[in-house]
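As structure tokens, the structure follows; a few thoughts come after it.
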Protein chains: 4
Amino acid sequence: MSGNRFGTLFQYQSFGESHGPAIGCVVDGVPPRIEIDEEFIQQYLDKRKPGQSRHTTQRKEPDTVEILSGVFEGQTTGTPIGLLIRNQDQKSKDYGEIKDKFRPGHADYTYNEKYGIRDYRGGGRSSARETAMRVAAGAVARKVLESQIGPEVKIRAAVVQIGTHKIDYDHWDWDEVANNPLWCPDPTVVDEWEGYLDTVRKSGSSAGAVIECHASGIPAGLGAPVYDKLDADIAKAMMSINATKAVEIGAGFEAVMFGGEDNADEIQMLDDIAEFQSNNAGGILGGISSGQDVVVRVAFKPTSSILTPVKTIDKDGNNTEIVTKGRHDPCVGIRGAPVVEAMMACVLADHWLRHKAQCL
Amino acid sequence: MSGNRFGTLFQYQSFGESHGPAIGCVVDGVPPRIEIDEEFIQQYLDKRKPGQSRHTTQRKEPDTVEILSGVFEGQTTGTPIGLLIRNQDQKSKDYGEIKDKFRPGHADYTYNEKYGIRDYRGGGRSSARETAMRVAAGAVARKVLESQIGPEVKIRAAVVQIGTHKIDYDHWDWDEVANNPLWCPDPTVVDEWEGYLDTVRKSGSSAGAVIECHASGIPAGLGAPVYDKLDADIAKAMMSINATKAVEIGAGFEAVMFGGEDNADEIQMLDDIAEFQSNNAGGILGGISSGQDVVVRVAFKPTSSILTPVKTIDKDGNNTEIVTKGRHDPCVGIRGAPVVEAMMACVLADHWLRHKAQCL
Amino acid sequence: MSGNRFGTLFQYQSFGESHGPAIGCVVDGVPPRIEIDEEFIQQYLDKRKPGQSRHTTQRKEPDTVEILSGVFEGQTTGTPIGLLIRNQDQKSKDYGEIKDKFRPGHADYTYNEKYGIRDYRGGGRSSARETAMRVAAGAVARKVLESQIGPEVKIRAAVVQIGTHKIDYDHWDWDEVANNPLWCPDPTVVDEWEGYLDTVRKSGSSAGAVIECHASGIPAGLGAPVYDKLDADIAKAMMSINATKAVEIGAGFEAVMFGGEDNADEIQMLDDIAEFQSNNAGGILGGISSGQDVVVRVAFKPTSSILTPVKTIDKDGNNTEIVTKGRHDPCVGIRGAPVVEAMMACVLADHWLRHKAQCL
Amino acid sequence: MSGNRFGTLFQYQSFGESHGPAIGCVVDGVPPRIEIDEEFIQQYLDKRKPGQSRHTTQRKEPDTVEILSGVFEGQTTGTPIGLLIRNQDQKSKDYGEIKDKFRPGHADYTYNEKYGIRDYRGGGRSSARETAMRVAAGAVARKVLESQIGPEVKIRAAVVQIGTHKIDYDHWDWDEVANNPLWCPDPTVVDEWEGYLDTVRKSGSSAGAVIECHASGIPAGLGAPVYDKLDADIAKAMMSINATKAVEIGAGFEAVMFGGEDNADEIQMLDDIAEFQSNNAGGILGGISSGQDVVVRVAFKPTSSILTPVKTIDKDGNNTEIVTKGRHDPCVGIRGAPVVEAMMACVLADHWLRHKAQCL
């Protein structure tokens, strides 16, 4: 009820601040007898880890995960899986400016208004560091989906826009995503994007991004109408990620401009299987998966921590300005890709169990 | 857990099918001693009621609400408020085509896949008729906000785009919204929009819409980080409305193209009050309300029930096509405005109570 | 969250006051394609109905249930089942004394303290009239268990003690329970009990009762350790019934006096099936059903509405006394039997779905 | 939903197995700006710690708690409080018998039936070791109650029966509870009880116990009718503790034998304050606290781990018998006292926040 828990049947409770002793989560509701170990989870954490290219923060966070419970002899037991990451990068540094001033675009002001106290070290609980636990829980969710539905389940995200620079969808190649540091599926734009990001970084500014995520191999039937529609839960999951400002399912805002007959995804039988002729719906009808790919696009605002000074106030109510020094991603959206994948996996694992409970 | 309930502390459970005996909801968690009666709720239902202009369906649904419990001598008692609307328009008609064919863009196919049975009459549970209960619950939510926070709370929605036609934001006038049948805040475009909708309707097509909703008078502090962020819960609420495909908070997708320094809403003291210099954030930082207006935009796809034939299959797996006759809104988005307002009110009332529980 | 909802996956939301327009509930999470109709539910309501013998209140409450949604062509559709009972017995009578005085043993004082307002008519929301909805929901729960597990599921309750009068367990005969108005499984004590109750009633006093309920045919595996143990949820369900003061599982308080070796239910193989040699555990180990009969005993306090005057205060803080006239059960425990059965059915249906979601 | 979480607004998620790397919990919903540190929590853990007298297991479990998050500069921040206890006593011992045989009275058989896998080391998740986290969470709950209601809140438990030996209620002295190793409030029976326990231990048997817990200083108004009555939630909390078999509120089973006029707690004004003349209700009417002491009694069965051989089966379905060697409490109920107190504190803190949200 305090907003630190995700999901209903597949669910996890997260905790931890950016510069406290540790961050962690407890993944609960996992079916028993699923093979999982720390290495499997670690590979996804490594994808989110900072410092892997010049386009992300150079902070060193090894983010080594430890399984504390719920796994016995390499298999889940059905009991809660405690996951822990000790914070390594807790320099006892001077938090001076952040301590007393509210950074625009950050949660400093609102945490202070809400709680009357805030752990200002590195953003405390509001830091994107928390998303490491989303990625860890998402790895468990993938295991649930793969073991219960099948290996055909694939959840993949890519960056389709940085600042004003977009991909050409005709060039889309999933295999290219891992070949560049920008999670970009269009190899023809990578050089341009890298140059653009260098410019942004050097100018002390930052850039936004759009992530697109596809889940394939998802059977029809997932989603709980009418308030826990699959798309509603995806929207919530994505909008809960730090720095996100918008979510589209399928054709999204573009659908507004279609006529009804163009927006309709016609259905035809093909070899005894119902096939949709297009996917404007993004794989969801009436809040329930249709068997098509589930498709979502998520907008990340530009990083708020920038070297360009901006006007703000301090905690005593004086006008001032702030420059956020330190090691920040010029485009937080890039490292958002594995988080978007993880949230998609968590939503789907949750609705899979919900579907099983009521309808299977 | 089955998706027919909304909210956590201020919450309601909805039930009912389009052509069953009745629809209704139970609003729970309402603080005691709030004045409310059927008339107050009815005024909001009347705004959503079909048949009020030539641009909405001509069905007659008086939608008269009855309070069954939870109110005593004109005041809430703190016990659940049962609300009931008997369905009046249940002609024993021939549902022939809808009965056997899956309408593209509708939930027919997915309900069938999920449940193995579906009440095909008028869309059953997946009908937008259910949104009447959202509006009723939203009226109660308004009362909670007004009585606990104050009369300065205002929640208002307007249609800012129909098909490819957009308003000019410089012409925005809240007072104009009630002066035209399209919930349009820009009086200079209403004639053009009406003409456009006539064309769409006559051609047997349909149009999408974008609704923008502002909540003002909301204090700082509402929202439960990190998974139940205020924007996350708004996104879910909006995406749970029938026919919605996208949600933006504040600058939304446009923020992607801003530099960090332009996106930052600078803060300055003005007469001892912290004032934000812009509202790209849409009134929410780190998932918590900042005291600025909360701003959301919601995309509605074009009505799926159209007179233009589209290809589909029947329940026996034969290829066929379908024309959806009957009385349908050419642009469901228009009647979406009071529903968007209602969902905003429900999310805010819920987070108000949550904030009160932990922090006040 | 406001306490008017029961269960997690199989769940229902109840509403309504004793003398308001109606009481009702919404049963949600019910699997699709289960045959059910109003008649099936009505038969259980009729068992709880007052006025069936001289030992229960002579009020006339036909309690006719209407299904408002969720059932189509005689089958559940997976959508919420709205159930409604109009209150028939709303005489516009003088509530004088109850209106101003707090009846000892009733919820009058505490509702007033909590909410600052109370619907005093017939006890309002705190009236045992609400238990009709438990019985209705319990009927649906039985259908879930029977259709998903099998017809071997049986949930039966009996009165094993009234005041100081207990049954002889050696005489237990389930078939006798329906043969007397006291739900008594021991035919040898019925006459004595009836005489005792007549005495109690004539003296203006009242009597308590103990109900024992057995659920048989329940497979091993139901229950969610560690906080939602099957016995924990049964205890909560029973303690939520009006007038209950204690709950025992299996040997209950008697187990305190056993040595560990006597309390242990030994296990032995019998024809390839694990058989427990006794059932001190009441069919639950570690919070999970073992396959044995689930056994619970519930204590009902004597009816608080009595003709004997008791001291109390009025709402203005004056000392006074009160006699509760009207038509009251001298022993509310008797009509508690169908309610106990219903709650047991609801808990088991809920845990069945939970077990299915995670482990099947 | 998987049963490892307790509470709704004040809530905690527990994890960990008896012989895994660690046990822990995440306490969420705690109001901000409450002073708390590890020492405060540790003092309650030390009361539960084994090995403090000859009547409890001689295992050495220092149970040192570490706060991982949610506390900053000695105060709660409103974010989740992660608590961790590393398991110290993980000898790599031979679990031989427990590994293959199902111990009667334990959860071995049912965990195996439910999950198809079990961590047999020391009982795994079903071990009473988990109750350490209840005690830790309960310490936080006390802080919530004391800081929000006042220092007058007191939650105290005592052992009132061991085996067939009961206290004399006329000798009750709260101050004596800490003066003997048996949590006994009647100093006149301690010697006799100690002798009895020695006999039980030496004979390889075990004994049950009854714990009585009083919460005083609790204001009227806590409890959420009708399904989350305060007594219902207390019953669930207590019945979720390992080895409990029964729960009574106030007069409990004894109330069955009272006439209505004797059971009624009469109310009279005393110096402008409403005073109840007795407390058969156990401080709860209609599921809501009345302002009197909240009183509950909980039955613990005799320890199931005994040296006396009992018949059972092994996992391959062979008849066999088992003797549970090792270091076990002859009467687990004794160490249940701090756990009962903790659960009471958690229930009350939760209902306090719920009451605040809706009614204050």
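None of the figures in this text is laboratory data; all of them are computed from the coordinates on show. A quick note: this is a predicted structure, and the numbers were derived from the prediction, not measured. Positions of Cβ are backbone-derived with ideal geometry, glycine not excepted, and every protein chain shown enters the neighbour counts.
At-a-glance table
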read-out: Exam field: residue C:173 pseudo-label spacings to other copies (7 Å along Cα-Cβ), nanometres; value: 5.7, 8.5, 8.7
read-out: GNM top mover of A:350, A:228, A:271 - chain A, alpha-carbon springs below 10 Å; value: A:271
read-out: Rounded to 10°, Cα long-axis angle of helix C:230-239 versus longest principal axis of chain C; value: 10
read-out: At R0 = 45 Å, FRET efficiency that the Cβ-Cβ distance of residue B:54 and residue B:100 yields, to 0.05; value: 0.90
read-out: Inter-chain shielding of C:349-356 (mean C-beta neighbours from other protein chains, 10 Å cut-off); value: 3
read-out: Helix-only mean residue ellipticity at 222 nm for chain C, each DSSP H run of n ≥ 4 adding -39500 (n - 2.57), per residue, nearest 500; value: -8500 deg cm²/dmol
read-out: Choice from D:324, D:76, D:110 showing the highest fluctuation, given a GNM over chain D with Cα pairs closer than 10 Å; value: D:110
read-out: Mean Cβ count within 10 Å, highest first, over the residues of peptides D:56-69, B:167-180, A:186-199, B:114-127; value: B:114-127, D:56-69, A:186-199, B:167-180
read-out: Whether region C:312-360 is rounded, prolate or oblate, judged on the alpha carbon gyration tensor where a/c under 1.5 counts as rounded; value: oblate
read-out: Shielding by partners, peptide C:49-58 (average Cβ within 10 angstrom, other chains); value: 0
read-out: Calculated FRET value between residue A:275 and residue B:198, using beta carbons and R₀ = 22 Å, to 0.05; value: 0.05
read-out: Exposure proxy order (Cβ contacts within 10 Å, fewest to most) of C:41, C:218; value: C:41, C:218
read-out: Nearest-to-axis residue of chain C, judged by beta-carbon position, where the axis maps C onto B, in Å; value: C:13, 2
read-out: Estimated distance in nm for a label pair at residue A:168 and residue C:318, the labels positioned 7 Å out from Cα along Cα-to-Cβ; value: 9.1
read-out: Filter on C:114/C:325; C:49/C:301; C:101/C:229; A:101/D:154; C:60/D:229; B:154/B:202 - keep pairs with C-alpha separation over 30 Å; value: C:101/C:229; A:101/D:154; B:154/B:202
read-out: Inter-copy label distances at residue B:323 (7 Å, Cα→Cβ; nm, one decimal); value: 7.0, 7.8, 8.9
read-out: GNM result for chain A, Cα springs below 10 Å: residue of A:128, A:224, A:255 fluctuating most strongly; value: A:255
read-out: At 7 Å out from Cα toward Cβ: residue A:154 inter-copy label distances (nm, ascending); value: 5.2, 5.5, 6.8
read-out: Anisotropy class of region A:97-231 from Cα gyration tensor, a/c 1.5 cut; value: oblate
read-out: Test item: B:322-332 mean partner chain Cβ contacts at 10 Å; value: 1
